[in-house]
Every structure is written in structure tokens, then in C-alpha cells.
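A.B. asks: If you scroll down you'll find the structure; I have some questions about it.
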Amino acid sequence: MEMDIPKHSFFLMLFALFSFSGNSQAITSTILEEYSKQPLESVSVYYDGTTIGTVTNQLGEFSLSNDIPTQAAIVISYLGYETRYFNQEQLKERNTIFLRESALSLDAVVLEVDPWSRKKKLNIFRREFLGREVSAKDCRILNEADIKLIYQPSYNRLIAHCENPIVIKNRYLGYELRYLLVDFEVQFARGTSGLRFTESVYLVGSTAFKELNDKPRKRHLKAREIEYLGSSLQFMRALTRKNLESKKFRCFINDTVAKSELFFPVNPYDYLLIKNDNAEFTKVNMNFKKLVVQYDQNRQSALIPQDGASEFKIDGFGIHSPPTAVLFSGDFGVKRIATLLPLDYELESP
């Protein structure tokens, strides 16, 4: 079977804040205000991108448990204070954590006039942050007023900043998300017709999930199943378990010598070389310039190594790290917050 892959793809660069961790274990510590040394109550402590989290008690104490070895950062967030990020190894022997009040941030200094209205910029932000799919209509940002948006004509880009977590009510998947935005940039380009289009989106941040209801509704469970099947998260898990074919994933590569635009089916494990030297993490060597992934014979994505990277690792959740090692395009690349699942989501057993 041959596949004709379009030359132009829309790329999404979605980076979460990940760091390697050691053996999984319960983590306990106390969070204090840096200067007064007083305990801070109701500080959020969670594994980035998961539903695994807790808050501190009146004494500033917390206990966080997780049985899965993971690269996800542990995020410590408190309104008005600087967010801190740790991995399990860093917190294992740390009995006390100090938080510092965040300095008053100044608006970005812009030496050129921003010609776009806030309404126009906000519409673009919603589209590129929540997504372009129908599911985005069931998502609402509850604190849009906190988001600062600037269009820079000389760079032809839109940037966003938000001091507080962006709160999203996702009625499609049944979650409430709190997204700590670190960086957001939409780069525009002009086509041959002169019309402006989105060339790339760069999004960096950390996410905490919680259920909207005490018990997920059937429509939410079904929507989660739909978004999980064929996702990059399922792909990485299937790659680790070497069951890509049984999970309906097929891989294709083109003839680089003939410079053909046609892609041919291949054995994925000839190009994604798996080494299980570490029982906690799966090491994957990439032996390709572009690998096309097809799910269930209709949804296409591509994996493209970046900046000379030749390998990445996958943890127990299915997180690949470093996230900059490989770029996703196609179906994997267009996913946004509206279809984002917690990294600890489970549909099937290994």
C-alpha cells in the first residue's frame, strides 16, 4: 500500500514541563512562606498533566502518592506566589519547601503599535488554545480577563501571558482544568494569495485536572474513549508495549533516496528501536527523518525528529521526554486543550 502525504502540514509544538524522576513513592513535605516562615494552607500540589494531586492542610503539610514511575513534574502552585517545579527525586529528602511572593509583573514593553482589537486577539487565542474542533464549543475559559494578549506586527505573531492559572470548564470531557501558562505564541505567515494563516503554535505550561462531577457521566466517558483511541498518548503506550498493530496503528516511510512523496508501510520497530535498559523507562532510538503514523486506516499523523535528536524516553504514563526530541504533525499535532486527557487516564489494561 502506498500513501500520498501532503507536503504542507500544520505543526503544533505542545510542551509540558517534564523532568525525570526516580522510584515512585509517597512524598510528604511542608510548605512555608519564605520570609515569615508561616505555613501556607490550600497550596495545590500535583503531577503535571494528571488528576493526581492534593492541597496542603492548616500546617502547610501535604502527602502525595503515585505508584507509576513518571517523568511528569510535580507542580506547587499558590495564588500570588511563584510556581515551583520538582521531580520525585528532588522532593524525596526535602522536608520543607519555601514559596516566595511573585513580583508584580510589568506589561511587555512594545515599541510598536498593536493594531488588533482585544476581541480579535481573544478569538484567535481561543481557537489556538482550546482547538478548532467541534469539541472546543463545549469548553469555556472562566477567567479570560486575566489573559494579556499582544500582537507584534513586525514579527507577525500573537503572544499571551497570564499570571493566574487559566481555568477551563470542559463540558465535552467532563473536567475542570487549571492551566499554568508559561509561554504561548502563534506565528502567522501569508500565503500566495496574501491571506494570513497560522504557521505554528508554541504552547508551554502545566495542567491540573479534576472531575466536573462526583461521578463521570456516560457521555463524558464515551468522549474520553474517543479522544484516547488513536491519540499520541495511546501511540506511545502501544510503542512501549510493542502492540502497535493490535491497537490499529500502522507506520509508513518514504524512499529518501528516490525523494519520493509516496510513503510505504514498514515495520515500526525497525525505525523506532526500543531498548528497555531501565525497567522504569523505555528508551527509543529514532532511525528516520519522517515517520507517518496511520490509525484505523483513516487518521494520519507524523513524527519528525528535531534539532538532531535521535532518541527519547517513555515513562509509565506514556509521556515522552524530552518533549523537544520529536515534533508531531497531522492528527497528533492539531490536538488542543479541548481534547486533552489526563496523563493518568486509563481505558485499557496493558
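The values are calculated or read from the model by the stated rules, or taken from the named source; none is laboratory data. It should be emphasised that the depicted structure is a prediction, and the values quoted were computed from it without experimental measurement. Don't worry about glycine lacking a Cβ; one is built from the backbone with ideal geometry, like all the others, and counts go over all protein chains shown. To get the accessible areas, we keep the full protein, side chains included, count just its heavy atoms, and leave off ligands, DNA and RNA. Shrake-Rupley method; radii C 1.70, N 1.55, O 1.52, S 1.80 Å.
A.B. asks: With the other protein chains left in place, how much accessible area per residue, in square angstrom, belongs to the chain at a 1.4 angstrom probe?
C.D. replies: In whole numbers, the chain has 51 Å² accessible per residue.
A.B. asks: So, one more: Taking the alpha-carbon centroid of each part, what is the distance from the range 313-350 to the range 142-211 in angstrom?
C.D. replies: 19 Å
A.B. asks: Give me the lysines in straight-line cross-link reach of Lys119: C-alpha distance below 27 Å, same-chain residues under 8 apart excluded.
C.D. replies: Answer for Lys119, where 27 Å is the Cα cut-off: Lys137, Lys148, Lys169, Lys335, listed by chain and number.
A.B. asks: Separation between the Lys289 and Gln38 pseudo-spin-labels, each 7 Å from Cα along Cα→Cβ, expressed in nm?
C.D. replies: Result: 6.2 nm between the two label points.
A.B. asks: Also, I was wondering about something else. Rounded to the nearest 0.05, what FRET efficiency is calculated for Thr96 and Ser193 with R0 set to 45 Å and r the Cβ-Cβ distance?
C.D. replies: Efficiency for this residue pair is about 0.15.
A.B. asks: Can I ask one more? Starting from 0.36 nm per residue, how many nanometres of slack lie between Ala145 and Arg127 once their C-alpha separation is accounted for?
C.D. replies: 4.8 nm
A.B. asks: Follow-up. Counting only C-alpha contacts under 8 Å and six or more residues apart, can you give the relative contact order of the chain as a whole percent?
C.D. replies: Relative contact order comes out at 19 percent.
A.B. asks: For Val334, what is the net charge nearby, where nearby means another residue's Cβ is under 14 Å from its Cβ and Lys, Arg count +1, Asp, Glu -1?
C.D. replies: 0
A.B. asks: For Thr324 paired with Ile274, estimate the spin-label separation in nm (one decimal), with each label point 7 Å from Cα along the Cα-to-Cβ line.
C.D. replies: Label at Thr324, label at Ile274, 2.8 nm between them.
A.B. asks: Could you look at the range 95-247 and say what percent of its accessible area is carbon and sulfur, using a 1.4 Å probe and all protein chains?
C.D. replies: Reported share for carbon and sulfur atoms: 51 percent.
A.B. asks: Add +1 for every Lys or Arg and -1 for every Asp or Glu among the other residues with Cβ under 14 Å from the Cβ of Lys37, and state the total.
C.D. replies: Net charge in that neighbourhood comes out at -2.
A.B. asks: When the Kirkwood radius is taken over all Cα pairs of the range 213-350, what Stokes-Einstein diffusion coefficient follows at 37 °C and 0.692 mPa s, in µm²/s? Mind showing how you got there, number by number?
C.D. replies: On the way: Rh = 15.9 Å.
The estimated diffusion coefficient comes to 207 µm²/s.
A.B. asks: Below 8 Å, C-alpha to C-alpha, sequence gap of six or more: please give me the relative contact order for the range 214-329 in percent.
C.D. replies: 21 percent
A.B. asks: Could you order peptides 203-213, 115-125 by the average number of other Cβ atoms within 10 Å of their residues, highest first?
C.D. replies: Going by the mean number of other Cβ atoms within 10 Å, highest first, we get 203-213, 115-125.
A.B. asks: Enumerate the whole-percent occupancy of each 10 Å bin, from 0 to the last occupied one, for all C-alpha pair distances of the range 158-238.
C.D. replies: 15, 28, 35, 19, 3, 0
A.B. asks: Strictly greater than 15 Å: what percent of every Cα pair in the range 306-350 meets that? It would help to have the intermediate numbers written out before the result.
C.D. replies: Working: 579 of 990 pairs.
Counting pairs separated by more than 15 Å, the tail of P(r) holds 58 percent.
A.B. asks: Scan (1) 1.04; (2) 1.35; (3) 0.97 for the value of Rg/Rh (Cα atoms, Kirkwood Rh) calculated from this model and give just the label.
C.D. replies: (3)
A.B. asks: Between Arg241 and Lys137, what is the label-point separation in nm under the 7 Å Cα-to-beta-carbon projection?
C.D. replies: My value for the distance between the label points is 3.5 nm.
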